[in-house]
Amino acid sequence: MKSLAELQAIRDRARAQVSLRENSDNSIRVLVGMATCGIAAGARPVLTTMVDEVAKRQLNNVVVTQTGCIGICQFEPVVEVVTPDGEKTTYVKMTPEKALRVVNDHLVNGNVVTEYTIGANT
Amino acid sequence: MRELSLNVMDVAQNSITAGASLIEIRVEEDRKKGELVIYIIDNGKGMSEEQVQRVIDPFYTTRTTRKVGLGVPLFKMEAEMTGGDFSIQSKLGEGTQVRARFLTSHVDMIPLGNIDDTIVLLISCNPDRDFRFVHQVDGAKLELDTRQLREILGEDVPLNTPDVVQWIKGYLQEQMEELLQQGGAST
Ligand SMILES: Nc1ncnc2c1ncn2[C@@H]1O[C@H](COP(=O)(O)OP(=O)(O)O)[C@@H](O)[C@H]1O
Ligand code: FES
Ligand SMILES: [Mg+2]
């Protein structure tokens, strides 16, 4: 049974780790487009996969969040990855499987998955 | 949409854009009556009466980048297709309530789908806002209020901490299982 006591324990652990967490200037930002068209095209499972995988691998330097209209409906679901140096990669027509690969190759190992980028799909 | 919970994700996004600090999502299933009612209630900037009138018309949107807003009209159409109904009540400066009622036995009924995924993502992607989620099935209900979680977590542990997100997910799942047992027993 998930109890509030368990949540307290999570809090205490998180507090102890606060110093380990990188500050936001050094973090990689992952933005998943969640406009009506993105959601209809399957953005929610992509976002769920990203959130879960980043949690599972304890990637404390990655922030996953949703964003609105990216303006390219025909390429939805769209995921943008922004690295600390300001470099932005736009992944298009994403699926949960592709999301896993982006986490592994790009977020963990720093290699852009070129075949999923907008450049390779136009 | 393939699931109504995806519409909820989309419509709640309007509340976020409207600057809401508190968003309440209520899902009320009455299996005997064959009825499902979904509410999305926010304390965002609200709309004038005239704006509300035009929001349900697909050629209305205040956004400048695109002319057509489809989220609300789509949700409305999905409710009406089942013989249900749809309403928006809004007041400038106070907030908005969207209500959609579905008749679940209709052939055009779209399943609710994974509402927990929607709630978990809304919370984890908007850790600075509060969400209240109520899911009622027949007589039984589950509730999750991020203001309560925040009280336990304190100010230094955000709601999007991965372990917290996983806890919320597990909590909703367990509560739902329990709720279905209770609800199932009463029918
Ligand atoms: N909860 C709300 N609070 C304030 N304004 C809203 C709300 N919901 C919808 N609106 C207004 O209605 C418009 C249309 O919404 P929608 O149909 O979802 O299309 P879109 O979000 O793509 O513009 C929004 O752009 C916004 O101006
Ligand atoms: S409406 Fe499709 S990307 Fe904006
Ligand atoms: Mg919208």
Test: B:GLY19 is at pLDDT below 95, in a loop (DSSP other than H, G, I, E, B) and small (Gly, Ala, Ser): no
Count of residues meeting criterion [open to solvent by 20 Å² or more (accessible area, probe 1.4 Å) and outside any strand (DSSP E or B)] in segment B:127-159: 14
Qualifying residue in segment A:97-104 (condition: more than 16 Å from ligand 3 (Cβ to nearest atom), assigned to a helix (DSSP H, G or I) and farther than 22 Å from B:ASP117 by Cα): yes
Within segment A:38-51, tally of residues that are surrounded by 21 or more Cβ atoms within 10 Å (Cβ to Cβ), more than 8 Å from every other protein chain (Cβ to nearest Cβ) and over 18 Å from B:PRO162 (Cβ atoms): 2
Residue in segment A:53-66 that is open to solvent by 40 Å² or more (accessible area, probe 1.4 Å) and acidic (Asp, Glu) present: no
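Can you work out which of the residues in segment A:24-37 that are assigned to a helix (DSSP H, G or I) and away from ligand 2 (no atom under 15 Å from the Cβ) is nearest to the other protein chains (Cβ to nearest Cβ)? Reasoning before the result, please.
Applying the first criterion (assigned to a helix (DSSP H, G or I)) to segment A:24-37 yields A:24-26, A:36-37.
Among the residues that remain, those that are also away from ligand 2 (no atom under 15 Å from the Cβ) are: A:24-26.
Values: A:SER24: 11, A:ASP25: 17, A:ASN26: 17 Å.
Across segment A:24-37, the extreme among qualifying residues is A:SER24.
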Odd one out for B:MET77, checked against (1) open to solvent by less than 30 Å² (accessible area, probe 1.4 Å); (2) out of contact with any strand residue (DSSP E or B) (no Cβ under 7 Å at 6 or more places or on another chain); (3) more than 11 Å from B:VAL11 (Cβ to Cβ); (4) aliphatic (A, V, I, L, M): (1)
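The values are calculated or read from the model by the stated rules, or taken from the named source; none is laboratory data. In this text the structure is predicted, and so the values were computed from the model without any measurement. Glycine gets a Cβ as well: all are built from the backbone with ideal geometry, and neighbour counts include every protein chain shown. We work out accessible area using only protein heavy atoms, side chains counted, and drop any ligands, DNA or RNA first. Shrake-Rupley method; radii C 1.70, N 1.55, O 1.52, S 1.80 Å.
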